[in-house]
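Reading through the structure tokens given below for one structure.
The values are calculated or read from the model by the stated rules, or taken from the named source; none is laboratory data. In this text the structure is predicted, and so the values were computed from the model without any measurement. Here the Cβ is made from the backbone with ideal geometry for all residues, glycine too, and neighbour counts use every protein chain on show.
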């Protein structure tokens, strides 16, 4: 089971501070997890300007130009935000057994508060 998944609220814990133009301390939701490269794309973090080639759509309108979009950031540079304290925390796992069926289920847990994520 992965520690960080799509849709999780994470905070950037490394890099330059925001007053110096960096992203440290910013919080955002995970848009995508790139498992092979150990990277995540976080909403509003690591914005880059991309120049796309100008083309034409089927209706004749122009497409392309300068687009601002999120670039991937390494997964070790973000931490999951604890739902109760709204601060970054490590992720742990807990195995719970279902009383009725007896099946065990692995659940992500915030290390600071112990709450289920």
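Regarding the range 45-68, can at least one residue be identified that is surrounded by 12 or more Cβ atoms within 10 Å (Cβ to Cβ) and in a loop (DSSP other than H, G, I, E, B)?
Yes: the range 45-68 contains one or more residues that are surrounded by 12 or more Cβ atoms within 10 Å (Cβ to Cβ) and in a loop (DSSP other than H, G, I, E, B).
When the range 13-28 is examined, which residues are found to be within 17 Å of residue 69 (Cα to Cα) and either crowded, with 21+ Cβ neighbours inside 10 Å or under 18 Å from the mean Cα position of the chain (by Cα) (or both)?
Listed by number, the residues that qualify are 22, 23, 26, 27, 28.
Is it fair to say residue 44 is at positive phi, touching a residue at least 24 places away in the same chain (Cβ under 8 Å) and out of contact with any helix residue (DSSP H, G or I) (no Cβ under 8 Å at 6 or more places or on another chain)?
Yes, satisfied.
For the range 81-96, indicate whether the set of residues that are surrounded by 12 or more Cβ atoms within 10 Å (Cβ to Cβ), at positive phi and modelled with pLDDT of 90 or more is non-empty.
Scanning the range 81-96, I find no residue that is surrounded by 12 or more Cβ atoms within 10 Å (Cβ to Cβ), at positive phi and modelled with pLDDT of 90 or more, so the answer is no.
Checking residue 33 against (1) at pLDDT 95 or above; (2) more than 12 Å from the chain's Cα centre (by Cα); (3) buried (at least 17 other Cβ atoms within 10 Å of the Cβ), which test does it fail?
Condition (2) is where residue 33 drops out.
Take the range 21-41 and flag every residue that is farther than 16 Å from residue 80 by Cβ and not in a strand (DSSP E or B).
The answer is 21, 22, 23, 35, 36, 37.
How many residues are touching a residue at least 60 places away in the same chain (Cβ under 8 Å) and part of a strand (DSSP E or B) if we restrict to the range 69-117?
Count: 10.
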